[in-house]
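Structure record follows, encoded as structure tokens.
The values are calculated or read from the model by the stated rules, or taken from the named source; none is laboratory data. Computed from a predicted model, the values in this text were never measured in an experiment. Reconstructed Cβ throughout: ideal geometry from the backbone, glycine too, with neighbour counts over all protein chains shown.
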Amino acid sequence: MTEYATLRTQLIGTVNASNRQYDSFMSDIESATGDPMAFFDAMFNKHKSNSATLEYDRAHHVIMKTAIDSLRG
């Protein structure tokens with residue numbers, strides 16, 4: 001259960017790093033057009049990390065909903 005508790009913090013760190021990498025490409029368009037594969041990787045990592053965070057939130061919601069429903073009887 002410890003891994004689940006720290007997962008959100010790890011995901012937020014990954015999202016922040018991915019966003020910084022993507023934003024650095026967007027602020028310097030010359031480097032984005034010079035290396036399209038690196039730009040694609042930054043964009044894909046940003047999308048993947050945001051999706052992982054959303055999936056974590058969805059799973060957390062389902063766990064809480066299941067726990068509340070089981071208490072109701």
Among (1) loosely packed, with under 12 Cβ neighbours inside 10 Å; (2) over 15 Å from the mean Cα position of the chain (by Cα), the one test that residue 35 misses: (1)
Residues of the range 43-73 satisfying the condition of being among the hydrophobic types (A, V, I, L, M, F, W, C) and either at pLDDT below 90 or touching a strand residue (DSSP E or B) at 6+ places or on another chain (Cβ under 9 Å) (or both): none
Residues within the range 11-31 that are surrounded by fewer than 12 Cβ atoms within 10 Å (Cβ to Cβ) and of a type in the set (Asp, Glu), tallied: 2
Subset tally (residues that are of a type outside the set (D, E, K, R) and without any contact (Cβ under 8 Å) to a residue 12 or more places away in the chain) for the range 32-52: 9
Complete set of residues in the range 26-73 that are outside any helix (DSSP H, G or I) and not small (Gly, Ala, Ser): 28, 35
